[in-house]
Every structure is written in structure tokens, then in C-alpha cells.
1. Can you pull out every residue in segment 178-204 that is part of a helix (DSSP H, G or I), surrounded by fewer than 19 Cβ atoms within 10 Å (Cβ to Cβ) and not acidic (Asp, Glu)?
2. In segment 4-56, how many are among the polar types (S, T, N, Q) and open to solvent by less than 50 Å² (accessible area, probe 1.4 Å)?
3. I'd like the full set of residues that are part of a strand (DSSP E or B) and under 9 Å from Leu79 (Cα atoms), limited to segment 43-67.
4. Does Ser150 fit the bill of being among the hydroxyl-bearing types (Ser, Thr, Tyr), assigned to a helix (DSSP H, G or I) and more than 30 Å from Val292 (Cβ to Cβ)?
5. Looking at (1) farther than 16 Å from Phe8 by Cα; (2) touching a Gly at 6+ places or on another chain (Cβ under 8 Å); (3) in contact (Cβ under 8 Å) with a residue 24 or more places away in the chain, can you tell me which one Thr301 breaks?
6. If we keep just the residues of segment 112-140 that are small (Gly, Ala, Ser) and either under 11 Å from the mean Cα position of the chain (by Cα) or over 28 Å from Lys173 (Cβ atoms) (or both), which is most open to solvent (accessible area, probe 1.4 Å)?
7. From the list Tyr348, Tyr353, Tyr330, exactly one residue is out of contact with any His (no Cβ under 8 Å at 6 or more places or on another chain) and surrounded by 22 or more Cβ atoms within 10 Å (Cβ to Cβ). Which is it?
8. Six or more apart or on different chains, Cβ under 7 Å: which pairs go from a residue in segment 123-134 that's acidic (Asp, Glu) to one that's surrounded by 16 or more Cβ atoms within 10 Å (Cβ to Cβ) and assigned to a helix (DSSP H, G or I)? Could you list them?
Amino acid sequence: MKRYTNLFLEYGYPEAEIEARVQEIWYNLFESSEKIYFEEGPDMGYVVDTGNNDVRTEGMSYAMLLAVQYNRQDVFDRLWKWTMEKMYLDEGIHAHYFAWSVSPEGNKNAYGPAPDGEEFFAMALFFAGNRWGEGEGLYAYHKHARELLSYCLHKGSRFEGHSMWNLENKLIKFVPEVEFSDPSYHVPHFYEQFSLYANEEDQLFWKEAAQASREYLKKAIHEETGLNPEYANYDGTPQYNSEHYHFYSDAYRTALNIAVDTEWYGGDPVLLQRLEKLQTFFAVIAKGKENVIYTIDGESTGEEILHPVGLLATNAAASLAIKDRPYARYFVEQFWETPLRKGERRYYDNFLYAFAFLALSGNYRMY
């Protein structure tokens, strides 16, 4: 059985306090007056992006993955049913994907998907089947995950539409219609799992995709600052034809993803060096100016970021992979002293907070 690092414990924090914080996170997101999860009818539930007043595949899939980690099959099944009833696209070029944005009332705001939602849905479903067993119909978790991943790869060839991965370079796209990526979408540790549970014909692809993503991240993350753009071309350069080429909201997740990949599957020395550069940048170069938008080469734009708690959480999560490097303890200490965010922007920050805290406490696990 795999042993997971509890870095908080290694750094001297009391075990009982760590566990209490883990439980507090669930309560805050799913039950408190600051919750982002709401139940509908006898068997459905949804998560609201409180900053944009919509329901996103990002948040629904994140919540499902958290439900597996917390062993809450009741919440998982409510979320999954709402997703299938309100977000599933049953016709058109994006059939069998999920509308990335839907109103809390269940009306689609968009008729296209965001691939990070699909990959998190698939991972959550595989873990659900492994932890709770395969159900029937809607709750045949593995069956739905395998079907979803098959569409993600074979649309454009076997099925109408566009694949979510470029089948030649094996890199995930920002959206199916374009040929560029989002570095924070790259979750090689998920692809390693997909290589075990996806349809047999696709398992080799997922194994190769895991390594392709690691190599891609080496290109997309600046070798001196450790910063990466929100959107990047397949060669790793910022996607200047969009407005998302700075180190901004999406980009924060990259450090967390690398840290979890390192915990689950071992670290790539180059990527670990990039994490150290990232921590050095915010601990030394940007100290006192952490909450400013930066270009990937470390130049301040003078604009304030939207998600300071999320940024701190992911910088701290990096410490899981580089716990003996100069600023690892510094960020974990800052994170420990920082509460969950309140107010309208709490949705994204608190999801990143939740995954970072679970990772650092040894509770973000494979099932």
C-alpha cells in the first residue's frame, strides 16, 4: 500500500489539528454559511462559482473528486446526476461532452466543453468505482469514465467533432477546436491512472500522454522564474493571440499538479527545479508584491490578481515535492496561518486551498 507524505506532520504540526482542518475544509465548502454546494430535490446537487454566478464543469468535477477523497458517495452521486441531467451535451458537434458553464437553474450558458472538466470527471469516476464499487446505470462509474475518455480521443475520427487531445503530440487542448494548450490542464498523474482503467485500446496513449505532459511542462514553465502562462502553444511559448499569456488564475494550478504527480509517481528533476524557482520568485523577488499579475519572465503588470489565497495554496503545495529546499517550510507556514477565503471570490480559491491542504496532509490519494 502506498504511503502518503503528511508534510504538516513532518514540519511539526499536531496531528489532531491537521485532521480538524481537513474536516473544516469539507464543512466550509459543502455545509457552512459560506458553502458553495447546494442540493436540489431528493438526489441532485451542484456547486456555484460564486465569482461568476454559474455552475462550471471545473467546479463540479473538483467537487466530485473531493467527495471521493472524503468518502462521501451521497454527495458524489448527487453531483454526478446534476452533471448528467444539466450539463451533458446530447447532440451537435460536442455531443457526449459537457457544457462548461450552466446557470444554477440548469440552463446552458455555453454549448462547448472545457477539457479540464472532462479529465477531472473521468478521474473522479474511476476513483469512485474503485472506492465504492461499480453501480448500475448512471452510477456505473467506470463505464461512464471509459466512454467519456473514448470520446475525448476519438472524436474527429470515429465520432463527429473534435478530440480533446492532439493525437500526434498527445497534449491536451485548451478547447477541442483549437491547437494550443493550457499548462494547468496537464495532470500526468491522472493519465497514469487512465492507462490502467481506460479502454484497453487507449491505455498506451494515456501512458505516453503522461510523459508528453511532463516534457511539455518543462517547456511551458520559465526556467528562471518558475512561472507559466495560462495558455501556451504546443512548444510551450505563451499564446499571445489570446489575452491569457501571463501568470494568472489558471496558471496557479500547475505547481499543485506537479506536486501531486511527484507524490504519486515520483518527481522529474527539471520540474522540481522549476518549483524551487517558483517559490524563490515569490519568497524573494516578489516579496511584498505577491498579489500582482506577472509576466512569465517576472515583470509586474501592476494589476492585482483575483485569487491570492489560491496562489498561496498552490505555492505551498509545491513544498510537498521539494520539502527540503530553501523556501518549502516558509510557504507551508504561511498557508497554515491563512484561513479559507470568504466572499464572492471564494469558489476558486477554496478549491485550490482544499486540494493543496489534502495533498500536504497526505489525504489526496489514489483509489
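The values are calculated or read from the model by the stated rules, or taken from the named source; none is laboratory data. Computed from a predicted structure; not experimentally measured. No Cβ is skipped: glycine too gets one built from the backbone with ideal geometry, and neighbour counts run over all protein chains shown. Heads up: the accessible areas ignore ligands, DNA and RNA and are worked out on the full protein's heavy atoms, side chains in. Shrake-Rupley method; radii C 1.70, N 1.55, O 1.52, S 1.80 Å.
1. Selection gives Ser195, Leu196, Gln203, Leu204.
2. So the count comes out to 5.
3. Correct list: Met44, Gly45, Tyr46, Val47.
4. yes
5. If we test Thr301 against (1) farther than 16 Å from Phe8 by Cα; (2) touching a Gly at 6+ places or on another chain (Cβ under 8 Å); (3) in contact (Cβ under 8 Å) with a residue 24 or more places away in the chain, just (2) comes out false.
6. Gly137
7. From the options Tyr348, Tyr353, Tyr330, the qualifying one is Tyr353.
8. What qualifies is Glu134/Tyr141; Glu134/His142.
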